[in-house]
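Below you'll find the structure, written out as structure tokens, and then a few comments.
The values are calculated or read from the model by the stated rules, or taken from the named source; none is laboratory data. Values in this document were obtained by computation on a predicted structure and should not be read as measured data. When we count neighbours, we look across all protein chains shown, and the Cβ atoms used for this are built from the backbone with ideal geometry, even at glycine.
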Amino acid sequence: MRWSRRLPSEPSSVTIIKDPSGRYFASFVVEVEDKPWPELDVEETDTGIDLGLSSYAVLRGRKIASPKFFRRQERKLRRAQRALSRKQKGSNNRRKARQAVARVHARIADRRRDFIEQETTRIVRESQAVYVEDLNVKGMATRRGRLGKSVHDQSLGTFVRTLEAKCERYGRAFVTVDRWFPSTQLCCNPRCGRLTGPKGREQLHIRTWTCRKCGSRHDRDENAEANIRAAGRKRAAVMRREAERRNACGELVRPRTPGQRSSKQEPTRSPTSARGGAGGNHPRSRG
């Protein structure tokens, strides 16, 4: 057995797993305490993340190129699947051909998983706060057109879930922005903020555009990242205020206006009601 690194603690159990490609894995269950990383300056290190297809992700100051793992292995996978279809069902050659197809799928999945782990770790290490759009990945893949295969190849849902888990583990802020927020159409110039950008799928080919109101020229992805970052900061500020207003039961408490006193209102009772008769706020009973 070859160890890539030492286990952080004594394992409580181990499970042997065999995948469809014929590989064996040992899964250990260990107990690890979460240790938050040192805090960074939020104003200098927070970043918005614009996920897409032409570029995998656009962050503050850098872009992550799209790896396209499935597209690169698609020709090899096609040959393996054709060889599998020619084999007789139930034969030993068909079993070998089926494992060959599984090995290609496993290679694609391993490279994609390793890519996501490395990039999310780097983002969490360099950023104190991360703002991401709440994308409907399933809806993006099922729309009419040829984008479904490319959307699934990006594995954007796994990327966001992994990033959220690491932010929670290492003490980073993770904020999601509404999926209907027009990050691409909105001009990121603070003096403008008009909706003059490209709209709809018909204008996906427009990568740079000029605002008709202020004349600023924007890169489509960089402009979206700046808008997501600004919206994420506002959302984070709202979440902090709501957290400060929560009481011990977890309910929101209405903020008190300046000069307001806390008073307790009780139903008034007349002397008649005190002696046993009807009065005050209680209606008189009729016999």
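Pairs are defined by a Cβ separation below 7 Å, a sequence spacing of at least 6 or placement on different chains, a first member in the stretch 174-203 that is of a type in the set (Gly, Ala, Ser), and a second member that is assigned to a strand (DSSP E or B); the pairs so defined are Ser183/Asp50; Ser183/Glu133; Gly193/Leu186; Gly197/Leu186; Gly197/Trp209. Given the conditions (1) closer than 24 Å to Asn223 by Cα; (2) among the small types (Gly, Ala, Ser); (3) out of contact with any Gly (no Cβ under 9 Å at 6 or more places or on another chain), which single one is not true for Ser66? Every condition holds for Ser66 apart from (3). Given the structure, is Ser183 in a loop (DSSP other than H, G, I, E, B), surrounded by 13 or more Cβ atoms within 10 Å (Cβ to Cβ) and small (Gly, Ala, Ser)? When the stated conditions are applied, Ser183 passes them.
Across the stretch 1-34, the number of residues qualifying as touching a residue at least 24 places away in the same chain (Cβ under 8 Å) and among the charged types (D, E, K, R) comes to 3. Which residues, taken from the stretch 130-171, are farther than 18 Å from Arg112 by Cα, part of a helix (DSSP H, G or I) and at pLDDT 85 or above? Selection gives Cys167, Glu168, Arg169, Tyr170.
Is it fair to say Leu135 is under 12 Å from the mean Cα position of the chain (by Cα), under 28 Å from Arg71 (Cα atoms) and not β-branched (Val, Ile, Thr)? Steps first, please.
Numbers: under 12 Å from the mean Cα position of the chain (by Cα): yes; under 28 Å from Arg71 (Cα atoms): yes; not β-branched (Val, Ile, Thr): yes.
In short, yes.
Apart from one condition, Val124 fits all of (1) at pLDDT below 95; (2) farther than 20 Å from Lys68 by Cβ; (3) part of a helix (DSSP H, G or I); the exception is (1).
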